[in-house]
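J.: Please see the structure below; I have some questions.
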Amino acid sequence: MDSISQTVSDFNNEEEIPPVGPKTALVSIIGRPSAGKSTFLNTASGEKISIVSSVPQTTRNAIRGIVNTSLGQIVFVDTPGLHESEKKFNLKLTDIAREQIEESDAILYLIDTTRPCGDEESLIQNMAFPYKEKLVIGLNKIDDPKSNVDEAMFFINDKMPGFPKERIFKISAKDDTNINDVLRSLYDLAPVAPHLYPEEFYTDQEVEFRIAEIIREQAINRLQQELPHAIYINVQDMEMKSPNHLAVRAFICVERDSQKGIVIGKGAQMIKTIRVESIKECRKIFPYRVDLDLQVKVDKNWRQKDHVLDKLLK
């Protein structure tokens, strides 16, 4: 068994005294872009829930991943990475994160220990600290040679004086290091309440959304130098041809005519690669064959259109 799937398995095998009645918590994961929020969600859930890329602000929606153990149910919400910007697109992402923080039973604040804690980190700290009673902090990426945990601790002590040390953890979401300790701390904050989902669930994402995210992941990881944030995926239609066969027609939407050729590629090689790799990822997730008809179209300046943003960012 690999380390990712081992997390939940090991946790369930540990001898713990269960609480009186089931514990359930809605937990928001917050942090700067590329702090490792999506990686943590996937590792803790033991499944591919949120797409992962080196491109900042890959996550646009509040993505839910569900962890069930003998101690209860944690429903994680992977919020978009936060940074200062007055652009309409980024302001909507920040609104999504703020709403999730307010509604959560607990908050997991991830700090990337490979980068200095500057103004951007202070922005998130200011958002999180008013909720310190339900806050857990993960100092992430300790596996990286560039990690500087001491600097991150200095930042916490300076900006969050008196924050409980027992709710600060040195972790590697990538290597599954100390993830169980974080889960245990979050369970301590969880209220006794009925589970929100059946135990076999690990996400509440609909099929259309998951397929769109798979396509977007494959696209941005190949186009990150050219136009990572200038694309969105529109799943035009889906049809179950049989119980074992789903046919999907989708568009990669760009902002300008000049970007269309970049996505298609020389001899249509880029769009073909994105399509083939997306189908491979779908095979890993869905219990049926997914056929994908993938094309490119232009939706000029879509990031300034409220009706598009309202549909994509929620």
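The values are calculated or read from the model by the stated rules, or taken from the named source; none is laboratory data. This is a predicted model, so every value here is computed, not measured. Don't worry about glycine lacking a Cβ; one is built from the backbone with ideal geometry, like all the others, and counts go over all protein chains shown. When the accessible area is computed, the model is the full protein with side chains, heavy atoms only, and any ligands, DNA or RNA have been set aside. Shrake-Rupley method; radii C 1.70, N 1.55, O 1.52, S 1.80 Å.
J.: Consider V182 carefully, then state whether it is open to solvent by less than 40 Å² (accessible area, probe 1.4 Å), closer than 22 Å to I74 by Cβ and in contact (Cβ under 8 Å) with a residue 12 or more places away in the chain. Step through it out loud before you land on a result.
T.: On the way: open to solvent by less than 40 Å² (accessible area, probe 1.4 Å): yes; closer than 22 Å to I74 by Cβ: yes; in contact (Cβ under 8 Å) with a residue 12 or more places away in the chain: yes.
Criteria met by V182.
J.: Here's another thing I want to ask about it. How many of the residues making up region 94-119 are part of a helix (DSSP H, G or I), open to solvent by 20 Å² or more (accessible area, probe 1.4 Å) and either touching a Leu at 6+ places or on another chain (Cβ under 7 Å) or at pLDDT below 85 (or both)? Break it down into steps so the answer makes sense when it comes.
T.: If we filter region 94-119 for residues that are part of a helix (DSSP H, G or I), which is where we start, we get 94-103, 119.
Subset that is open to solvent by 20 Å² or more (accessible area, probe 1.4 Å): 94-95, 98-100, 102-103, 119.
From what is left, the residues that are either touching a Leu at 6+ places or on another chain (Cβ under 7 Å) or at pLDDT below 85 (or both) are 94-95, 98-100, 102-103.
Counting residues in region 94-119 that are part of a helix (DSSP H, G or I), open to solvent by 20 Å² or more (accessible area, probe 1.4 Å) and either touching a Leu at 6+ places or on another chain (Cβ under 7 Å) or at pLDDT below 85 (or both) gives 7.
Here's the yes/no breakdown for (1) open to solvent by less than 20 Å² (accessible area, probe 1.4 Å); (2) at positive phi; (3) over 20 Å from the mean Cα position of the chain (by Cα):
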residue: E213; (1), (2), (3): no, no, no
residue: I220; (1), (2), (3): yes, no, no
residue: Y232; (1), (2), (3): no, no, no
residue: Q236; (1), (2), (3): no, no, yes
residue: A250; (1), (2), (3): yes, no, yes
residue: K260; (1), (2), (3): no, no, yes
residue: Q269; (1), (2), (3): no, no, yes
residue: T273; (1), (2), (3): no, no, yes
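J.: What is the number of the single condition among (1) open to solvent by 50 Å² or more (accessible area, probe 1.4 Å); (2) at pLDDT below 95; (3) over 23 Å from the mean Cα position of the chain (by Cα) that D204 does not meet?
T.: Unmet for D204, out of (1) open to solvent by 50 Å² or more (accessible area, probe 1.4 Å); (2) at pLDDT below 95; (3) over 23 Å from the mean Cα position of the chain (by Cα): (3).
J.: Against the condition assigned to a helix (DSSP H, G or I) and among the aromatic types (F, W, Y), how does Y197 come out, does it pass? Outline the logic, then answer.
T.: Values: assigned to a helix (DSSP H, G or I): no; among the aromatic types (F, W, Y): yes.
Taking the combined requirement at face value, the residue does not satisfy it.
J.: Okay, next question. Which numbered condition trips up L186, out of (1) more than 19 Å from the chain's Cα centre (by Cα); (2) farther than 26 Å from P287 by Cα; (3) not in a loop (DSSP other than H, G, I, E, B)?
T.: Condition not satisfied by L186: (1).
J.: Please verify whether E151 is surrounded by fewer than 17 Cβ atoms within 10 Å (Cβ to Cβ), without any contact (Cβ under 8 Å) to a residue 40 or more places away in the chain and within 25 Å of S70 (Cα to Cα), treating the condition exactly as stated. Reasoning before the result, please.
T.: Values: surrounded by fewer than 17 Cβ atoms within 10 Å (Cβ to Cβ): yes; without any contact (Cβ under 8 Å) to a residue 40 or more places away in the chain: yes; within 25 Å of S70 (Cα to Cα): no.
When the stated conditions are applied, E151 does not pass them.
J.: With respect to R303, determine if the residue is open to solvent by 50 Å² or more (accessible area, probe 1.4 Å), touching a strand residue (DSSP E or B) at 6+ places or on another chain (Cβ under 7 Å) and among the charged types (D, E, K, R). Quick ask: steps written out before the conclusion?
T.: Values: open to solvent by 50 Å² or more (accessible area, probe 1.4 Å): yes; touching a strand residue (DSSP E or B) at 6+ places or on another chain (Cβ under 7 Å): no; among the charged types (D, E, K, R): yes.
The answer is no for R303.
J.: Against the conditions (1) touching a helix residue (DSSP H, G or I) at 6+ places or on another chain (Cβ under 6 Å); (2) open to solvent by 50 Å² or more (accessible area, probe 1.4 Å), where does K165 fall short? Just the number, please.
T.: (1)
J.: List every residue pair whose Cβ atoms sit under 7 Å apart, with the two residues 6 or more apart in sequence or on different chains, where the first one lies in region 202-219 and is of a type in the set (D, E, K, R) and the second, anywhere, is in a helix (DSSP H, G or I) and open to solvent by 20 Å² or more (accessible area, probe 1.4 Å).
T.: R210/I285
J.: While we're looking at this one, here's another question. Which condition from (1) surrounded by fewer than 19 Cβ atoms within 10 Å (Cβ to Cβ); (2) closer than 20 Å to I74 by Cα; (3) among the hydroxyl-bearing types (S, T, Y) is the one that S122 breaks?
T.: The single condition S122 does not satisfy is (2).
J.: Follow-up. Within region 238-248, which residues are under 23 Å from D299 (Cβ atoms) and either buried (at least 16 other Cβ atoms within 10 Å of the Cβ) or in contact with a Ser or Thr (Cβ under 6 Å, 6 or more places away or on another chain) (or both)?
T.: Passing the criteria: only V248.
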